[in-house]
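In what follows, a structure is listed as C-alpha cells, so that the remarks can point back to it.
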Amino acid sequence: MRSEGPIYCEILLRMVDETGLLIPPMAFIPAAERYNLMPAIDRWVVRSMFQWIAKQTEKAGERRLYAINLSGQSLGDDSFVAFVVEQFEKSGISPRLICFEITETAAIANLARAMSFMSVLKGMGCRFSLDDFGSGMSSFAYLKNLPVDSIKIDGAFVRDIITDEVDMAMVEAINRIGQVMGIQTVAEFVENDVILARLKDLGVDYAQGYGVHKPECLPGHES
C-alpha cells in the first residue's frame, strides 16, 4: 500500500435519535431516498463539512483529503453543482481538500449529469472516486467515460478474497484496469491483516476497513 500522499478521511453519516442513540445509514437513507430527501441531506453534509474544515488548523506538514459521499438524487438535481460551488466560496476552503464519492450505479443512471457535475468541480480542483466499483454489469465500459481519480473496489469482492477464487480474480482484474488507466484503486471492507497482505501482493493502492482503522467521531462532534 502507498504511504505517500495526503491522509484520506471519508466522512460517514449517522443520525442521532431522540434517546441519543446512533442510527446507521442503512436504517434511514432508504426512507430518505424514497421521499426524495437525499438532496437536502447531501446539502446539509456539504455545508456542515465545509464549515468544519474551514475551522480546522492542520498540523504542520500534514495534508488531508476529505471524502464526501453523494447520492444519485443529488446528481440529478440541476442546482446542486451551483450549491457546491457557492459553499466553496462561502467557506473559503480549497477544492483540493475534497474528494466526492459517487456510487457506480448512481453515476451510470445519471451519466450525462454526472459527467457535467464532475467536469465543473474537477476544473476547480476537486477529486472524484467511483464507489462500489464492480457492482454494475457494464463497469469497465462506463469507466472510460468518467473522469475519476480513483475507484473503490466493491467490498463484496474484497471480503472473501482469501477463500473465493472468483472474488480474487475480480479484485485482480479491477486493480489491473485501474493501473492501465492511471486510476488509483481502493479496496473496501478490509477486515484483517490477511486480507490486507493479499491486497498488497496484488498491488492495490489503498485499503479501507476495520482492519485498517475503525470509524471515529469528528473532533468537536463527540457527543
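The values are calculated or read from the model by the stated rules, or taken from the named source; none is laboratory data. In this text the structure is predicted, and so the values were computed from the model without any measurement. Cβ atoms come from the backbone with ideal geometry, glycine included; neighbour counts cover every protein chain shown. Surface accessibility is based on the protein's heavy atoms, side chains included, excluding ligands, DNA and RNA. Shrake-Rupley method; radii C 1.70, N 1.55, O 1.52, S 1.80 Å.
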Computed over the chain: longest principal axis from alpha-carbon atoms vs helix 111-124 long axis, angle to nearest 10 degrees, is 70
Of the candidates M15, G72, W52, the farthest towards the positive dipole end of the chain (Lys/Arg Cβ +1, Asp/Glu Cβ -1, centred on the Cα centre) is W52
Given unit charges at Cβ for Lys, Arg (+) and Asp, Glu (-), the dipole magnitude of the chain about its Cα centre in debye, nearest 20, is 760
The size of the Cβ-based charge dipole (Lys, Arg +1; Asp, Glu -1) of the range 57-170 about the Cα centre, to the nearest 20 debye, is 540
Between C9 and Q179, Cβ-based FRET efficiency (R0 35 Å, step 0.05) works out to 0.90
Shape call for the range 81-148, from the Cα gyration tensor axes a ≥ b ≥ c (a/c under 1.5 means rounded, otherwise prolate when a/b beats b/c, else oblate), comes out prolate
Debye calc, one equal point scatterer per Cα of the range 36-139, no solvent, log10 I(q)/I(0) at q = 0.14, 0.20, 0.22 1/Å comes to -0.54, -1.04, -1.22
The simple spin-label model distance between D201 and F83, using points 7 Å out along Cα→Cβ, in nm, is 4.6
Highest mean packing first, using Cβ neighbours within 10 angstrom, the peptides 126-133, 15-22 sort as 126-133, 15-22
To the nearest 10 degrees, the tilt of helix 38-55 (Cα long axis) against the first principal axis of the alpha carbons of the chain is 80
Note to self: C-alpha centroids of the range 133-186 and the range 1-51 sit apart, in Å, by 24
For the range 122-218, whose charge dipole is built from +1 on Lys and Arg Cβ atoms and -1 on Asp and Glu Cβ atoms, the candidate among S129, G211, V194 with its Cα farthest towards the positive end is S129
Nearest 10, in degrees from 0 to 90: the angle of helix 165-181 to the longest Cα principal axis of the chain is 60
So the carbon and sulfur contribution to the accessible area of the range 1-123, 1.4 Å probe, in percent, is 55
Quick shape summary for the range 108-223, equivalent ellipsoid via Cα gyration tensor, semi-axes whole Å in descending order, reads 25, 21, 12
Among K55/K200; K144/K214; K90/K144; K122/K152; K90/K122; K152/K214, the pairs whose Cα-Cα distance exceeds 29 Å are K55/K200; K144/K214; K90/K144
Cα gyration tensor of the range 1-56 diagonalised, 5x eigenvalues square-rooted, in angstrom largest first, produces semi-axes 26, 15, 14
Computed over the chain, the Cα gyration tensor eigenvalues, each multiplied by 5 and square-rooted, give semi-axes in Å (largest first) of 27, 21, 19
Amide H neighbours of D205 at under 5 Å, excluding residues fewer than 5 places away on the same chain, with H built from the backbone geometry, are T185
Plugging the Cβ-Cβ distance of S116 and N192 into 1/(1 + (r/R0)^6) at R0 = 45 Å yields, to the nearest 0.05, a FRET efficiency of 0.65
